[in-house]
1. Answer with yes or no whether Gly216 is part of a loop (DSSP other than H, G, I, E, B), on the phi > 0 side of the Ramachandran plot and more than 21 Å from the chain's Cα centre (by Cα).
2. Hey, can you tell me all the residues within the range 330-354 that are open to solvent by 60 Å² or more (accessible area, probe 1.4 Å), closer than 22 Å to Met388 by Cβ and of a type outside the set (Gly, Ala, Ser)?
3. If the requirement is being touching a residue at least 12 places away in the same chain (Cβ under 8 Å), outside any loop (DSSP other than H, G, I, E, B) and not assigned by TED's automatic domain parsing to the domain that holds Gln96, which of these qualifies: Gln419, Gln361?
4. Which residues, taken from the range 145-166, are of a type in the set (Val, Ile, Thr) and near the ligand (Cβ under 8 Å from one of its atoms)?
5. Return the total of residues in the range 422-477 being part of a helix (DSSP H, G or I) and open to solvent by 20 Å² or more (accessible area, probe 1.4 Å).
6. Please specify each residue of the range 364-376 satisfying the condition of being open to solvent by 20 Å² or more (accessible area, probe 1.4 Å) and either in contact with a strand residue (DSSP E or B) (Cβ under 6 Å, 6 or more places away or on another chain) or outside any helix (DSSP H, G or I) (or both).
7. Can you give me the ranges of the strands (runs of 3 or more DSSP E) entirely in the range 230-319 with at least 3 residues that are of a type in the set (Lys, Arg), closer than 30 Å to Asp218 by Cβ and more than 16 Å from the ligand (Cβ to nearest atom)?
Amino acid sequence: MQLNHIANQSLPSASGRLIDVIDPSDGQVFDAIQRSDASDIDAAVQAARRCLDGAWGRLSAAERGRLLMRLSHKVGAHAEELALLEQRDCGKPVKQARADAAALARYFEFYAGSCDKLHGQTIPYQDGYSVFTWREPHGVTGHVIPWNYPMQIFGRSVGGALAAGNVCVVKPAEDACLSLLRVAQFATELGFPAGAINIVTGYGNEVGDALARHAGVDHISFTGSPGVGTLIQQVAAERHCPVTLELGGKSPQIVFADADIDAVLPTVINAIVQNAGQTCSAGSRLLVEQSIYEPLLERLGQAFARLRAGPAALDLDLGPLIRQSQQERVAAFLADAYADGVAVVAQGQVVTEAPATGFYQAPVLLRDVPVAHRLAQEEVFGPVLAAMAFRDEDHAVEIANATRFGLVTGVWTADGARQFRMARRVRSGQVFVNNYGAGGGVELPFGGVKSSGYGREKGFEALYGFTTLKTVAVRHG
Ligand code: NAD
(Lines give C-alpha, C1' and ligand atoms only; values in the text may rest on other atoms or scores of the structure.)
Protein backbone atom coordinates (compact mmCIF):
# COMPACT_ATOMS: atom_id res chain seq x y z
CA MET A 1 0.00 0.00 0.00
CA GLN A 2 1.31 3.46 -0.93
CA LEU A 3 1.29 6.44 1.44
CA ASN A 4 1.27 10.19 0.91
CA HIS A 5 4.56 12.04 1.11
CA ILE A 6 4.28 15.08 3.38
CA ALA A 7 7.22 16.81 5.09
CA ASN A 8 9.50 13.87 4.25
CA GLN A 9 7.17 11.44 6.00
CA SER A 10 5.11 8.62 4.53
CA LEU A 11 1.61 9.18 5.87
CA PRO A 12 -1.84 7.65 5.42
CA SER A 13 -4.62 10.00 4.38
CA ALA A 14 -6.70 11.52 7.18
CA SER A 15 -9.75 9.51 6.10
CA GLY A 16 -7.84 6.23 5.76
CA ARG A 17 -9.65 5.53 2.49
CA LEU A 18 -7.84 3.92 -0.44
CA ILE A 19 -7.99 3.75 -4.25
CA ASP A 20 -7.11 0.52 -6.09
CA VAL A 21 -4.08 0.58 -8.39
CA ILE A 22 -4.82 -1.37 -11.57
CA ASP A 23 -2.34 -2.83 -14.06
CA PRO A 24 -3.68 -1.76 -17.50
CA SER A 25 -2.04 -4.77 -19.13
CA ASP A 26 -4.37 -7.24 -17.37
CA GLY A 27 -6.92 -5.07 -15.59
CA GLN A 28 -5.97 -6.56 -12.19
CA VAL A 29 -5.56 -4.68 -8.90
CA PHE A 30 -2.00 -4.94 -7.56
CA ASP A 31 -1.60 -2.07 -5.08
CA ALA A 32 -3.46 0.81 -3.43
CA ILE A 33 -2.91 4.55 -3.01
CA GLN A 34 -4.38 6.94 -0.47
CA ARG A 35 -7.70 8.58 -1.27
CA SER A 36 -6.84 11.89 0.34
CA ASP A 37 -9.04 14.89 0.95
CA ALA A 38 -8.78 18.62 1.62
CA SER A 39 -7.32 18.09 5.11
CA ASP A 40 -4.33 16.18 3.64
CA ILE A 41 -3.80 18.98 1.12
CA ASP A 42 -3.90 21.47 3.97
CA ALA A 43 -1.23 19.50 5.88
CA ALA A 44 0.97 19.41 2.76
CA VAL A 45 0.57 23.13 2.05
CA GLN A 46 1.42 23.97 5.66
CA ALA A 47 4.50 21.74 5.53
CA ALA A 48 5.57 23.41 2.29
CA ARG A 49 5.13 26.88 3.79
CA ARG A 50 7.21 25.99 6.86
CA CYS A 51 9.93 24.69 4.57
CA LEU A 52 9.87 27.82 2.43
CA ASP A 53 10.09 30.05 5.50
CA GLY A 54 12.80 27.82 6.97
CA ALA A 55 15.41 25.47 5.54
CA TRP A 56 14.52 25.78 1.85
CA GLY A 57 14.30 29.56 1.89
CA ARG A 58 17.76 29.77 3.47
CA LEU A 59 19.48 27.67 0.79
CA SER A 60 21.57 29.54 -1.74
CA ALA A 61 20.77 29.04 -5.40
CA ALA A 62 23.95 26.98 -5.79
CA GLU A 63 22.95 24.73 -2.88
CA ARG A 64 19.52 24.15 -4.45
CA GLY A 65 21.30 23.24 -7.67
CA ARG A 66 23.51 20.70 -5.89
CA LEU A 67 20.49 19.02 -4.30
CA LEU A 68 18.71 18.82 -7.64
CA MET A 69 21.82 17.39 -9.29
CA ARG A 70 22.04 14.70 -6.60
CA LEU A 71 18.39 13.88 -7.27
CA SER A 72 19.17 13.61 -10.98
CA HIS A 73 21.97 11.14 -10.26
CA LYS A 74 19.78 9.12 -7.90
CA VAL A 75 16.98 8.90 -10.47
CA GLY A 76 19.58 7.82 -13.04
CA ALA A 77 20.91 5.12 -10.71
CA HIS A 78 17.36 3.83 -10.07
CA ALA A 79 16.07 4.31 -13.61
CA GLU A 80 15.31 0.64 -14.14
CA GLU A 81 13.34 0.40 -10.89
CA LEU A 82 11.31 3.48 -11.87
CA ALA A 83 10.75 2.19 -15.39
CA LEU A 84 9.41 -1.12 -14.10
CA LEU A 85 7.07 0.64 -11.67
CA GLU A 86 5.77 2.80 -14.50
CA GLN A 87 5.41 -0.15 -16.84
CA ARG A 88 3.06 -1.85 -14.37
CA ASP A 89 1.26 1.27 -13.16
CA CYS A 90 0.64 2.88 -16.57
CA GLY A 91 0.98 -0.01 -19.04
CA LYS A 92 3.98 1.55 -20.77
CA PRO A 93 6.17 -0.73 -22.89
CA VAL A 94 9.37 -0.88 -20.92
CA LYS A 95 11.54 0.91 -23.49
CA GLN A 96 9.14 3.87 -23.32
CA ALA A 97 9.14 3.78 -19.50
CA ARG A 98 12.96 3.74 -19.56
CA ALA A 99 12.95 6.80 -21.80
CA ASP A 100 10.67 8.58 -19.30
CA ALA A 101 12.98 7.75 -16.37
CA ALA A 102 15.96 9.03 -18.38
CA ALA A 103 14.04 12.22 -19.18
CA LEU A 104 13.23 12.74 -15.48
CA ALA A 105 16.94 12.53 -14.62
CA ARG A 106 17.70 14.95 -17.44
CA TYR A 107 15.08 17.47 -16.26
CA PHE A 108 16.61 17.53 -12.79
CA GLU A 109 20.07 17.86 -14.34
CA PHE A 110 19.00 20.75 -16.57
CA TYR A 111 17.22 22.61 -13.77
CA ALA A 112 20.06 21.89 -11.32
CA GLY A 113 22.36 23.79 -13.64
CA SER A 114 19.94 26.67 -14.01
CA CYS A 115 19.47 27.59 -10.33
CA ASP A 116 22.35 30.04 -10.06
CA LYS A 117 21.91 31.47 -13.56
CA LEU A 118 18.47 32.99 -13.08
CA HIS A 119 18.86 36.70 -12.50
CA GLY A 120 17.18 40.05 -12.94
CA GLN A 121 18.25 43.14 -14.84
CA THR A 122 19.55 46.61 -14.19
CA ILE A 123 17.52 49.25 -16.00
CA PRO A 124 18.87 52.63 -17.14
CA TYR A 125 16.56 55.29 -15.71
CA GLN A 126 16.57 58.92 -14.68
CA ASP A 127 19.57 60.60 -13.15
CA GLY A 128 19.67 59.94 -9.42
CA TYR A 129 18.05 56.48 -9.56
CA SER A 130 19.33 52.96 -9.66
CA VAL A 131 16.72 50.50 -10.85
CA PHE A 132 16.93 46.75 -10.95
CA THR A 133 14.71 43.66 -10.90
CA TRP A 134 14.71 40.55 -8.74
CA ARG A 135 13.24 37.24 -9.85
CA GLU A 136 11.54 35.89 -6.74
CA PRO A 137 9.86 32.50 -6.33
CA HIS A 138 6.07 32.51 -6.11
CA GLY A 139 6.33 30.51 -2.88
CA VAL A 140 4.19 27.37 -2.50
CA THR A 141 3.45 25.95 -5.95
CA GLY A 142 0.73 23.40 -6.68
CA HIS A 143 1.31 20.83 -9.44
CA VAL A 144 -1.56 18.79 -10.89
CA ILE A 145 -0.07 16.02 -13.04
CA PRO A 146 -1.79 13.76 -15.62
CA TRP A 147 -1.27 10.02 -16.00
CA ASN A 148 0.23 9.86 -19.47
CA TYR A 149 3.82 10.95 -18.70
CA PRO A 150 3.98 11.25 -14.90
CA MET A 151 7.77 11.19 -14.63
CA GLN A 152 8.40 13.63 -17.46
CA ILE A 153 5.76 16.10 -16.38
CA PHE A 154 6.84 15.91 -12.73
CA GLY A 155 10.42 16.52 -13.87
CA ARG A 156 9.68 19.59 -15.92
CA SER A 157 7.15 21.08 -13.52
CA VAL A 158 8.62 20.33 -10.10
CA GLY A 159 12.20 20.60 -11.41
CA GLY A 160 11.58 24.11 -12.74
CA ALA A 161 9.65 25.23 -9.66
CA LEU A 162 12.34 24.04 -7.22
CA ALA A 163 15.12 25.54 -9.31
CA ALA A 164 13.41 28.93 -9.10
CA GLY A 165 13.25 28.62 -5.30
CA ASN A 166 9.66 27.45 -4.82
CA VAL A 167 8.41 24.53 -2.73
CA CYS A 168 5.94 22.04 -4.19
CA VAL A 169 2.70 20.25 -3.41
CA VAL A 170 2.01 17.66 -6.08
CA LYS A 171 -1.27 15.94 -6.95
CA PRO A 172 -0.47 13.09 -9.35
CA ALA A 173 -3.21 11.51 -11.45
CA GLU A 174 -4.99 8.73 -9.57
CA ASP A 175 -3.84 6.25 -12.26
CA ALA A 176 -0.15 7.10 -12.07
CA CYS A 177 1.34 7.72 -8.63
CA LEU A 178 3.88 5.00 -7.94
CA SER A 179 6.99 6.34 -9.67
CA LEU A 180 6.49 9.84 -8.24
CA LEU A 181 6.08 8.60 -4.67
CA ARG A 182 9.37 6.72 -5.09
CA VAL A 183 11.15 9.83 -6.40
CA ALA A 184 9.92 11.81 -3.39
CA GLN A 185 11.49 9.12 -1.14
CA PHE A 186 14.77 9.57 -3.02
CA ALA A 187 14.64 13.31 -2.29
CA THR A 188 14.14 12.60 1.42
CA GLU A 189 17.10 10.18 1.44
CA LEU A 190 19.27 12.84 -0.19
CA GLY A 191 18.53 15.44 2.48
CA PHE A 192 15.96 17.66 0.78
CA PRO A 193 14.46 19.79 3.57
CA ALA A 194 11.16 18.42 4.88
CA GLY A 195 8.29 20.04 2.96
CA ALA A 196 10.18 20.96 -0.23
CA ILE A 197 8.42 18.17 -2.18
CA ASN A 198 5.05 16.90 -0.97
CA ILE A 199 2.85 14.39 -2.80
CA VAL A 200 -0.82 13.90 -1.98
CA THR A 201 -2.70 11.25 -3.95
CA GLY A 202 -6.42 11.04 -4.65
CA TYR A 203 -9.16 11.98 -7.07
CA GLY A 204 -9.05 15.20 -9.05
CA ASN A 205 -12.41 16.53 -7.95
CA GLU A 206 -11.40 15.95 -4.31
CA VAL A 207 -7.70 16.64 -3.78
CA GLY A 208 -6.98 18.35 -7.11
CA ASP A 209 -9.79 20.77 -6.49
CA ALA A 210 -8.71 21.29 -2.86
CA LEU A 211 -5.17 22.10 -4.02
CA ALA A 212 -6.39 24.61 -6.60
CA ARG A 213 -8.64 26.28 -3.99
CA HIS A 214 -6.15 26.40 -1.14
CA ALA A 215 -5.41 29.99 -0.15
CA GLY A 216 -1.84 29.02 0.78
CA VAL A 217 -0.96 28.02 -2.80
CA ASP A 218 0.74 30.85 -4.70
CA HIS A 219 0.92 29.34 -8.19
CA ILE A 220 -0.72 26.38 -9.92
CA SER A 221 0.81 24.39 -12.70
CA PHE A 222 -1.79 22.19 -14.37
CA THR A 223 -1.27 19.64 -17.10
CA GLY A 224 -4.37 17.82 -18.26
CA SER A 225 -7.59 18.13 -20.19
CA PRO A 226 -9.03 21.45 -21.40
CA GLY A 227 -12.20 20.94 -19.34
CA VAL A 228 -10.38 20.54 -16.05
CA GLY A 229 -8.07 23.39 -17.08
CA THR A 230 -11.12 25.65 -17.22
CA LEU A 231 -12.24 24.54 -13.74
CA ILE A 232 -8.77 25.20 -12.30
CA GLN A 233 -8.65 28.59 -13.96
CA GLN A 234 -12.05 29.54 -12.51
CA VAL A 235 -11.14 28.43 -9.01
CA ALA A 236 -7.76 30.18 -9.15
CA ALA A 237 -9.35 33.36 -10.52
CA GLU A 238 -11.25 33.85 -7.26
CA ARG A 239 -8.03 34.68 -5.47
CA HIS A 240 -6.10 35.84 -8.57
CA CYS A 241 -3.64 32.98 -8.28
CA PRO A 242 -1.40 32.65 -11.35
CA VAL A 243 -1.87 29.48 -13.37
CA THR A 244 0.13 27.71 -16.05
CA LEU A 245 -2.02 25.48 -18.23
CA GLU A 246 -0.65 22.69 -20.41
CA LEU A 247 -3.75 21.29 -22.09
CA GLY A 248 -4.38 19.08 -25.04
CA GLY A 249 -3.68 19.20 -28.76
CA LYS A 250 -4.78 18.01 -32.18
CA SER A 251 -1.40 18.43 -33.72
CA PRO A 252 -0.93 18.27 -37.49
CA GLN A 253 1.96 16.77 -39.41
CA ILE A 254 2.04 18.55 -42.78
CA VAL A 255 3.78 16.64 -45.56
CA PHE A 256 4.63 18.39 -48.84
CA ALA A 257 5.38 16.48 -52.04
CA ASP A 258 9.09 17.34 -51.87
CA ALA A 259 9.55 15.82 -48.39
CA ASP A 260 11.89 12.92 -47.64
CA ILE A 261 9.21 10.25 -47.29
CA ASP A 262 11.62 7.69 -45.84
CA ALA A 263 12.16 10.06 -42.92
CA VAL A 264 8.47 11.03 -42.71
CA LEU A 265 7.01 7.53 -42.33
CA PRO A 266 8.69 6.28 -39.11
CA THR A 267 8.31 9.69 -37.47
CA VAL A 268 4.63 10.00 -38.32
CA ILE A 269 4.01 6.51 -36.95
CA ASN A 270 5.96 7.08 -33.76
CA ALA A 271 4.19 10.39 -33.13
CA ILE A 272 0.81 8.66 -32.92
CA VAL A 273 1.79 5.24 -31.60
CA GLN A 274 4.10 6.33 -28.78
CA ASN A 275 2.38 5.81 -25.42
CA ALA A 276 -0.56 4.31 -27.39
CA GLY A 277 -1.45 7.79 -28.66
CA GLN A 278 -2.01 9.12 -25.14
CA THR A 279 0.30 12.05 -25.70
CA CYS A 280 -0.78 15.70 -25.61
CA SER A 281 1.58 16.43 -28.49
CA ALA A 282 0.62 13.31 -30.48
CA GLY A 283 0.72 13.95 -34.23
CA SER A 284 -2.92 12.93 -34.59
CA ARG A 285 -3.68 14.66 -37.92
CA LEU A 286 -1.76 13.87 -41.10
CA LEU A 287 -2.05 16.52 -43.82
CA VAL A 288 -0.58 15.35 -47.14
CA GLU A 289 -0.14 17.26 -50.41
CA GLN A 290 -2.62 15.88 -52.94
CA SER A 291 -0.03 14.66 -55.47
CA ILE A 292 1.56 12.19 -53.00
CA TYR A 293 -1.53 11.41 -50.89
CA GLU A 294 -2.29 7.97 -52.38
CA PRO A 295 1.28 6.60 -52.53
CA LEU A 296 2.04 7.88 -49.04
CA LEU A 297 -1.11 6.34 -47.58
CA GLU A 298 -0.30 3.06 -49.25
CA ARG A 299 3.14 2.86 -47.66
CA LEU A 300 1.87 4.13 -44.31
CA GLY A 301 -0.98 1.60 -44.38
CA GLN A 302 1.47 -1.25 -44.90
CA ALA A 303 3.48 -0.08 -41.89
CA PHE A 304 0.34 0.38 -39.74
CA ALA A 305 -0.76 -3.18 -40.49
CA ARG A 306 2.50 -4.44 -38.98
CA LEU A 307 2.07 -2.56 -35.66
CA ARG A 308 1.34 -4.67 -32.59
CA ALA A 309 -0.24 -3.79 -29.26
CA GLY A 310 0.22 -6.03 -26.24
CA PRO A 311 1.16 -6.28 -22.56
CA ALA A 312 3.69 -3.67 -21.48
CA ALA A 313 6.16 -6.37 -20.42
CA LEU A 314 6.35 -7.64 -24.03
CA ASP A 315 7.71 -4.24 -25.09
CA LEU A 316 5.84 -4.09 -28.41
CA ASP A 317 4.97 -0.99 -30.44
CA LEU A 318 2.13 -0.13 -28.06
CA GLY A 319 0.96 -1.12 -24.62
CA PRO A 320 -2.64 -0.93 -23.40
CA LEU A 321 -4.53 2.31 -22.79
CA ILE A 322 -4.49 3.58 -19.22
CA ARG A 323 -7.93 2.40 -18.10
CA GLN A 324 -11.19 0.90 -19.25
CA SER A 325 -12.97 4.26 -19.59
CA GLN A 326 -10.20 5.47 -21.91
CA GLN A 327 -10.53 2.31 -24.00
CA GLU A 328 -14.28 2.90 -24.25
CA ARG A 329 -13.74 6.55 -25.15
CA VAL A 330 -11.43 5.66 -28.06
CA ALA A 331 -13.82 2.93 -29.23
CA ALA A 332 -16.68 5.45 -29.21
CA PHE A 333 -14.68 7.92 -31.36
CA LEU A 334 -14.03 5.14 -33.88
CA ALA A 335 -17.66 3.95 -33.86
CA ASP A 336 -18.81 7.52 -34.60
CA ALA A 337 -16.32 7.82 -37.47
CA TYR A 338 -17.37 4.49 -38.99
CA ALA A 339 -21.06 5.44 -38.69
CA ASP A 340 -20.24 8.65 -40.59
CA GLY A 341 -18.57 6.65 -43.37
CA VAL A 342 -14.95 7.50 -42.58
CA ALA A 343 -12.76 4.89 -44.30
CA VAL A 344 -10.01 2.82 -42.68
CA VAL A 345 -6.71 2.51 -44.59
CA ALA A 346 -5.23 -0.06 -42.22
CA GLN A 347 -5.04 -1.13 -38.65
CA GLY A 348 -2.53 -2.98 -36.53
CA GLN A 349 -3.30 -5.88 -34.23
CA VAL A 350 -3.59 -6.75 -30.57
CA VAL A 351 -1.40 -9.81 -29.99
CA THR A 352 -3.01 -13.03 -28.80
CA GLU A 353 -0.95 -12.98 -25.57
CA ALA A 354 -2.86 -9.85 -24.45
CA PRO A 355 -5.27 -10.74 -21.61
CA ALA A 356 -8.90 -10.00 -22.49
CA THR A 357 -9.13 -8.07 -19.21
CA GLY A 358 -6.46 -5.55 -20.39
CA PHE A 359 -7.34 -2.21 -22.03
CA TYR A 360 -6.03 -2.67 -25.58
CA GLN A 361 -6.68 -0.73 -28.76
CA ALA A 362 -5.07 -1.57 -32.09
CA PRO A 363 -3.66 1.45 -33.97
CA VAL A 364 -5.94 2.71 -36.75
CA LEU A 365 -5.19 4.83 -39.85
CA LEU A 366 -8.25 6.67 -41.23
CA ARG A 367 -8.43 8.61 -44.52
CA ASP A 368 -10.27 11.61 -45.96
CA VAL A 369 -11.46 12.65 -42.53
CA PRO A 370 -13.51 15.84 -43.03
CA VAL A 371 -11.90 18.86 -41.38
CA ALA A 372 -15.04 19.56 -39.34
CA HIS A 373 -15.43 15.95 -38.16
CA ARG A 374 -15.06 15.28 -34.44
CA LEU A 375 -12.13 13.00 -35.27
CA ALA A 376 -10.29 15.88 -36.90
CA GLN A 377 -11.21 18.35 -34.16
CA GLU A 378 -11.10 16.64 -30.78
CA GLU A 379 -8.40 14.75 -28.93
CA VAL A 380 -8.97 11.00 -29.15
CA PHE A 381 -6.02 10.28 -26.85
CA GLY A 382 -5.54 6.90 -28.47
CA PRO A 383 -3.61 5.44 -31.45
CA VAL A 384 -5.87 6.86 -34.15
CA LEU A 385 -4.41 8.86 -37.04
CA ALA A 386 -6.71 11.00 -39.22
CA ALA A 387 -5.31 11.59 -42.73
CA MET A 388 -6.53 14.25 -45.15
CA ALA A 389 -5.23 15.80 -48.39
CA PHE A 390 -4.43 19.46 -49.09
CA ARG A 391 -4.06 21.36 -52.38
CA ASP A 392 -1.35 23.93 -51.66
CA GLU A 393 0.40 25.85 -48.91
CA ASP A 394 -2.57 28.12 -48.14
CA HIS A 395 -4.88 25.15 -47.89
CA ALA A 396 -2.43 23.32 -45.59
CA VAL A 397 -2.27 26.34 -43.26
CA GLU A 398 -6.06 26.68 -43.27
CA ILE A 399 -6.58 23.04 -42.22
CA ALA A 400 -3.71 23.08 -39.74
CA ASN A 401 -5.17 26.09 -37.92
CA ALA A 402 -8.78 24.92 -38.10
CA THR A 403 -9.07 23.42 -34.61
CA ARG A 404 -9.40 25.01 -31.19
CA PHE A 405 -5.95 23.64 -30.28
CA GLY A 406 -2.43 24.87 -31.03
CA LEU A 407 0.26 22.83 -29.32
CA VAL A 408 2.70 21.37 -31.86
CA THR A 409 3.03 21.31 -35.68
CA GLY A 410 5.27 19.17 -37.86
CA VAL A 411 6.23 20.48 -41.31
CA TRP A 412 7.95 18.25 -43.85
CA THR A 413 9.43 19.95 -46.93
CA ALA A 414 12.80 20.37 -48.62
CA ASP A 415 11.98 23.98 -49.62
CA GLY A 416 13.86 26.27 -47.24
CA ALA A 417 11.71 29.34 -47.81
CA ARG A 418 8.55 27.33 -47.30
CA GLN A 419 9.93 25.92 -44.04
CA PHE A 420 10.11 29.44 -42.62
CA ARG A 421 6.77 30.57 -44.11
CA MET A 422 4.99 27.58 -42.65
CA ALA A 423 6.66 27.95 -39.26
CA ARG A 424 5.37 31.53 -39.14
CA ARG A 425 1.84 30.83 -40.36
CA VAL A 426 0.80 27.89 -38.21
CA ARG A 427 -0.64 28.73 -34.81
CA SER A 428 1.06 26.49 -32.27
CA GLY A 429 3.52 26.68 -29.41
CA GLN A 430 6.14 24.55 -31.14
CA VAL A 431 6.94 23.88 -34.79
CA PHE A 432 9.24 21.09 -35.91
CA VAL A 433 10.60 21.16 -39.45
CA ASN A 434 11.66 17.84 -40.98
CA ASN A 435 11.41 16.20 -37.57
CA TYR A 436 8.81 15.91 -34.85
CA GLY A 437 9.63 16.51 -31.20
CA ALA A 438 13.39 16.91 -31.62
CA GLY A 439 13.93 13.85 -29.42
CA GLY A 440 12.14 15.27 -26.38
CA GLY A 441 14.02 18.51 -25.95
CA VAL A 442 14.17 19.19 -22.21
CA GLU A 443 15.78 22.52 -23.16
CA LEU A 444 12.96 23.57 -25.51
CA PRO A 445 10.11 25.74 -24.13
CA PHE A 446 6.82 23.87 -24.45
CA GLY A 447 3.20 24.94 -24.24
CA GLY A 448 0.28 25.98 -26.35
CA VAL A 449 -1.90 28.71 -27.79
CA LYS A 450 -5.72 28.78 -27.93
CA SER A 451 -7.28 25.86 -26.00
CA SER A 452 -3.91 24.13 -25.70
CA GLY A 453 -3.22 26.46 -22.78
CA TYR A 454 -0.76 29.19 -21.91
CA GLY A 455 2.48 29.65 -20.09
CA ARG A 456 5.56 27.59 -20.89
CA GLU A 457 7.22 24.69 -19.17
CA LYS A 458 10.56 23.10 -20.11
CA GLY A 459 13.70 24.98 -20.97
CA PHE A 460 15.01 28.07 -19.23
CA GLU A 461 11.85 29.95 -20.19
CA ALA A 462 9.85 27.94 -17.61
CA LEU A 463 11.82 29.58 -14.82
CA TYR A 464 10.28 32.95 -15.66
CA GLY A 465 6.83 31.41 -15.16
CA PHE A 466 7.87 29.98 -11.82
CA THR A 467 9.00 33.40 -10.57
CA THR A 468 7.49 36.79 -10.06
CA LEU A 469 9.43 39.91 -10.97
CA LYS A 470 10.05 42.64 -8.42
CA THR A 471 11.26 46.04 -9.61
CA VAL A 472 13.34 48.03 -7.14
CA ALA A 473 14.00 51.74 -7.75
CA VAL A 474 16.54 53.35 -5.40
CA ARG A 475 16.68 57.15 -5.39
CA HIS A 476 20.10 58.26 -4.28
CA GLY A 477 20.26 61.81 -5.58
P1 NAD B 1 -7.57 15.26 -16.60
O2 NAD B 1 -7.73 16.69 -16.87
O3 NAD B 1 -8.77 14.45 -16.36
O4 NAD B 1 -6.65 15.02 -15.30
C5 NAD B 1 -5.41 15.69 -15.14
C6 NAD B 1 -5.17 15.85 -13.67
O7 NAD B 1 -6.16 16.73 -13.15
C8 NAD B 1 -5.27 14.56 -12.86
O9 NAD B 1 -4.30 14.58 -11.83
C10 NAD B 1 -6.66 14.65 -12.28
O11 NAD B 1 -6.82 13.92 -11.08
C12 NAD B 1 -6.78 16.14 -12.02
N13 NAD B 1 -8.14 16.65 -11.92
C14 NAD B 1 -9.28 16.12 -12.45
N15 NAD B 1 -10.35 16.87 -12.10
C16 NAD B 1 -9.87 17.89 -11.35
C17 NAD B 1 -10.49 19.01 -10.71
N18 NAD B 1 -11.81 19.23 -10.76
N19 NAD B 1 -9.70 19.88 -10.05
C20 NAD B 1 -8.37 19.69 -9.99
N21 NAD B 1 -7.73 18.65 -10.55
C22 NAD B 1 -8.48 17.75 -11.22
O23 NAD B 1 -6.70 14.73 -17.78
P24 NAD B 1 -6.08 13.29 -17.94
O25 NAD B 1 -7.15 12.35 -18.34
O26 NAD B 1 -5.30 12.95 -16.73
O27 NAD B 1 -5.02 13.54 -19.12
C28 NAD B 1 -5.41 13.64 -20.43
C29 NAD B 1 -5.45 15.08 -20.89
O30 NAD B 1 -4.31 15.82 -20.48
C31 NAD B 1 -5.48 15.19 -22.39
O32 NAD B 1 -6.41 16.17 -22.77
C33 NAD B 1 -4.06 15.63 -22.74
O34 NAD B 1 -3.88 16.25 -23.95
C35 NAD B 1 -3.70 16.48 -21.60
N36 NAD B 1 -2.25 16.54 -21.42
C37 NAD B 1 -1.60 17.70 -21.77
C38 NAD B 1 -0.22 17.78 -21.67
C39 NAD B 1 0.51 19.04 -22.03
O40 NAD B 1 1.64 19.22 -21.65
N41 NAD B 1 -0.07 19.95 -22.79
C42 NAD B 1 0.51 16.70 -21.19
C43 NAD B 1 -0.18 15.55 -20.84
C44 NAD B 1 -1.58 15.49 -20.96
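The values are calculated or read from the model by the stated rules, or taken from the named source; none is laboratory data. Small disclaimer: the values here were computed from a predicted structure and weren't measured. Reconstructed Cβ throughout: ideal geometry from the backbone, glycine too, with neighbour counts over all protein chains shown. Heads up: the accessible areas ignore ligands, DNA and RNA and are worked out on the full protein's heavy atoms, side chains in. Shrake-Rupley method; radii C 1.70, N 1.55, O 1.52, S 1.80 Å.
1. Values: part of a loop (DSSP other than H, G, I, E, B): yes; on the phi > 0 side of the Ramachandran plot: no; more than 21 Å from the chain's Cα centre (by Cα): yes.
Here the answer is no, as Gly216 does not meet what is asked.
2. Matches in the range 330-354: Asp336, Tyr338, Asp340, Val344, Gln347.
3. Values: Gln361 fails: outside any loop (DSSP other than H, G, I, E, B).
Gln419 is the lone residue from the list that is touching a residue at least 12 places away in the same chain (Cβ under 8 Å), outside any loop (DSSP other than H, G, I, E, B) and not assigned by TED's automatic domain parsing to the domain that holds Gln96.
4. Taking the range 145-166 and keeping what is of a type in the set (Val, Ile, Thr), we get 145, 153, 158.
Listed by number, the residues that qualify are Ile145, Ile153.
5. Start the filter on the range 422-477 by keeping residues that are part of a helix (DSSP H, G or I), which leaves 422-425, 438-440, 450-452, 461-465.
Subset that is open to solvent by 20 Å² or more (accessible area, probe 1.4 Å): 423-425, 438-440, 450-451, 461, 464-465.
Total meeting the criteria: 11.
6. Taking the range 364-376 as the starting set, the residues that turn out to be open to solvent by 20 Å² or more (accessible area, probe 1.4 Å) are 367-368, 370-374.
Result: Arg367, Asp368, Pro370, Val371, Ala372, His373.
7. On the way: elements: 243-246, 252-255, 285-289.
Fully inside the range 230-319 and qualifying: nothing.
Matching residues to (1) crowded, with 24+ Cβ neighbours inside 10 Å; (2) under 21 Å from Ile19 (Cα atoms); (3) within 14 Å of the ligand (Cβ to nearest atom):
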| residue | (1), (2), (3) |
| --- | --- |
| Cys168 | yes, no, no |
| Arg182 | no, yes, no |
| Thr188 | no, no, no |
| Leu211 | yes, yes, yes |
